[in-house]
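Report on the following structure.
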Amino acid sequence: MSTPDSSVVTAKETFQILMEMSKLLNTRLDETTLALCVRLCDNGANPESLAKVVNELMRVKNEMNVTNTTQGRGGTGT
Amino acid sequence: MMDASNTLLKRLCSHVTGISDDRLANHFHMAVSLLNESPSNVMLKDHNVVADRIKRRLVREKRIDDAARFSSLMNRLLKSAVLRNKTSILTFFLSLSQDSCGHIKDQRIHAPENFAYENGLCNGHGNEEAFPLPKLHQHQDRKPAPEGSVPNTPPRSVTPSAREPRSPNISGSSRVSRLAAIYKASGAAEPCQHESQPVSPSNEHLPLRPTTPKKGAKKEALIDITEKSLIRDVLFIFQGIEGKIIKMDSNKDGYRLDPKVRLSTSQKEIILKLSDVGWLYSQVKDFCEWGGSIAGNERTADRTAAGLVNQSLVLALREELNDYCRLIALLEAQIQDGGDTPLGEPSGGLTLRRLVMWTLEPRAQLRALAFLTHAARKVYGGACVSSIYQHLRHGNPGHRAIVCKVLTRACTPVYVMLTQWLLDGALEDPHHEFFIASDPTVADDRLWHDKYSIRWSMLPTGREAIKAALQQTTVESLFMQDENCQLENLIGLTFRETSRHVLEEIMTRHKLMDHLRALRRYLLLGQGDFIHYLMEILNPELDKPATNLYPHNLSSLLETAVVASNAQYEEPDILKRLDVRLLEISPGDLGWDVFSLDYHVDGPIGTVFTAECMRQYLMLFNALWKDKRMEMILSDIWKEQAATSKLCRELPELGVVLHGVQLLTQEMVHLVHQMEYYMTFEVLECAWHDLMNLLKTAQSLDDVIAAHNHFLKRIVAGALLDAESKEVRTHLRTFYNLIQNLRALQERLSHTVSAEINARKNAVLEIKARTEAGDFGTSKEQQEIERKRRKEFTSKVVPKLKSDLRINTQTYQDMVQSFLLMLAQHDDQNLHLLSTRLDFNEYYHRRDHRLNQRLTYHHKRKSMGTSFCQ
């Protein structure tokens, strides 16, 4: 289908596409997170569960940022 | 999980949370457990399915542009060979974006949700954030449920309205059912929706416990059901299928609720409304399945027997039903998909109340359709169209719109038939639906008049009934709403075109004008030389008794007459049609009484010259033929008179008689000539002229027929053959008798004259012969005989002749007098003129004072009913 060279290019393009999609769908993922998630997905992780994980992590981060007190509880909760 | 994955996950955790120390372990642990809980099953799905979902979601959020952009991105992504698992990533995006929405909206409600985690129910929490109330409910009510361990399914839990308290108020079910849906507290079917859900995973339905323990305790036998299963049932009902809870009530032609189900009054009412839709649907569907109508009729057995109109009506109804089914399918899909969309979204869940809203319009439509099916029952064809058409006047514009739509479809076959009929003249109506019926048994010559008739019952009613005499029939009416105007034009145009064509056809190819002219020449005695010659050569034949006549003899004479006159230059086709005909013979008839000319009309021109027309022509011929014969007799009399008057110079005693006979003959000739003049110039020529004018301007064959009929009627009336002038005609017949008498008298006279002269000549010759023989010329006895003979002649024969003549004259004059009176009192102005001409020297005026005032209205009134004869 494609030569290795072009596949590198395609990989970049693909990532751009995915990034754009992610923005479209308002996932609030940054590039690194997205890259990690994509690789996880490719490795066979359950995407739905992964989404939950990411959400949870983001929530934790938010809590830490907004109220440092709640962060502890959220952490223990999970 | 593989090491690589773990590393990735760890990096993810640290990156997202921004924590790098050992606190991260907690989160990492949580993440691993979450991921491990559910094996990935998304592989089963196709990436297209997921992409579609995302797109739908975007569309729902009114982000059409984004959806389009997503599509293009998706297309590009599909070309990429890098990703092994596109579906998975898409699913990830989908889940995340859902979750993120909820996350943004309801950040405040994090605290309660922790209970979920404490309970170990980690599933679906993200989604429930969007719906604080249901979630609260759930958390309160939920037991460690059997389906609790299905974490990977997106939260579908409960629809918002599912938290409506299920009151056990079953007594409310006795409320009267409206229209068809009947809810009765009876029956025993027990709905167990947990096992009963055939399609969806059980976790979709969280059973709701009785909200208030008190009520639940009161009626323990009652079963609670989720709104979801109720909706599912309602959807079944929408399709006319029995549900688990809502059953068909065969007794009452409606639906009833399972009595064991606990429902609130309001819910019952809603379901009542909804099942109305189902009932209407099944009504329409029944109609469709019975091939369109005529329920209760044997014809239903054969689907095609219902006719094209009904078939297309069914088709139209089916299309409407298809639309309706599409809606049902959408609703059903919404139940199925319900879980995929978070409940907070406007179109997310399906509730009974939403169902009511969504079915409002289809319900109205179904109602309209049901009305139509009711109207279309037991009627077919044009009548069916008519009965649907009446619904067009419904006040409700929505109803009207749908009726219009259906009617347009149902009319299609009628329209096609009509167009075919108009344009091709073909009548294809296997089911006898069209409003024009054709009778295949009709013979060619009656084609125009009898072949097609109108089925009045099939005549569609319309805003305007357009009358149009079409190609081969007389009157038709049309209909149709929007196309009314168009159709009118079409019909007008076609009618004109066809008429023109038919006229052209009959005028040129079938030579209508030639036939008319031939009829006038031969049957109305227009061709003078021919008629005269024919009469002369027929004279010896026709003087024989009618029983001795042979048509073939007469035919050969006719041919002789044709050859001898200008008629020989006529077209052979016309001459071929000319024939001799003998009328019915009654005892004592002479040839004159039964002889008639005939003109054969067959084929297309028979359309104009119907049998009735030909009968009138024959009648006219007879009358004219008689007139003509009288003229001939009179001219014979005149000829004889010329000879007799020469002889009479030697018989002065006969001078008076001869003079009287001559006077009478002249009077009769005058009358006959005036009659002929009147017939020719005032009746035939005028009528003919009008006929020609009318034919020139005729637009259609019907115009031609009407003009011709008018022409015939006019000349029949003019020839005093109609019912009004019957008396005049009888009078005229006595006049003919008088002429015959005169002829007899004249014959006797000339016979007497010649006998007398011969006798005298003989006497003179005898004297001469004897003188030559040397004898006496005469003897006494011989003189005596001669004298006696002469005396007898003058005293007996001459007075006899005189008195006969007087009687004849007297009768004749009386006849003329009353004839003049009759003419004067006739309505026809031309007859008044005739009367004036007949009495040009006012001889009869002086004889009868009544004739002086004959033209006054006063006189007319007075003489009404009095006898004309003296």
Exercise for the section: Can you send over the solvent-accessible area of residue B:612, 1.4 Å probe, protein chains only, in Å² to the nearest 10? Expected result: 90 Å²
Completion exercise
Output field shielding_mean for B:68-80 (other chain Cβ, 10 Å radius) holds 4
Completion exercise
Checking rank on B:672-685, B:520-533, with mean other Cβ inside 10 Å and highest first, the result is B:520-533, B:672-685
Problem - Ranked order, B:27, B:15, B:510 - accessible area, probe 1.4 Å, largest first - result: B:15, B:510, B:27
Practice task
Would you tell me the accessible area of residue B:570, worked out with a 1.4 angstrom probe on the heavy atoms of the protein chains, in Å² to the nearest 10?
Solution key: 40 Å²
Handout entry: Chains A and B, summed buried accessible surface - 1.4 Å probe, Å², nearest 100
Key = 5700 Å²
Practice task
Using the structure shown, select from B:544/B:800; B:268/B:378; B:247/B:285; B:62/B:285 the pairs with a Cα to Cα distance greater than 26 angstrom.
Solution key: B:544/B:800; B:268/B:378; B:62/B:285
Handout entry: Exposure rank, largest accessible area first [B:377, B:790; 1.4 Å]
Key = B:790, B:377
Exercise for the section: On the full set of protein chains, 1.4 Å probe, figure out the accessible area of residue B:647 and give it in Å² to the nearest 10. Expected result: 70 Å²
Handout entry: B:332, B:781, A:48, ranked by accessible area, largest first (probe 1.4 Å)
Key = B:781, B:332, A:48
Completion exercise
The answer for residue B:254, listing residues at least 5 apart or on another chain whose modeled amide H is closer than 5 Å to its amide H, is B:249
Completion exercise
Whole-Hz Karplus couplings 3J(HN,Hα) for the range B:730-743, θ = phi - 60° and coefficients 6.51, -1.76, 1.60, Gly and Pro as x, run 4, 4, 4, 5, 5, 4, 4, 4, 4, 4, 4, 4, 4, 4
Problem - For the range B:592-600, Karplus couplings with θ = phi - 60° (6.51, -1.76, 1.60), whole Hz, Gly/Pro x - result: 4, 6, 10, 6, 7, 7, 9, 10, 7
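The values are calculated or read from the model by the stated rules, or taken from the named source; none is laboratory data. Please read these numbers as outputs of a predicted model, since none were measured by experiment. Note: ideal-geometry Cβ built from the backbone for every residue, glycine included; neighbour counts use all protein chains shown. All accessible areas refer to the heavy atoms of the entire protein, side chains included, with ligands and DNA or RNA removed. Shrake-Rupley method; radii C 1.70, N 1.55, O 1.52, S 1.80 Å.
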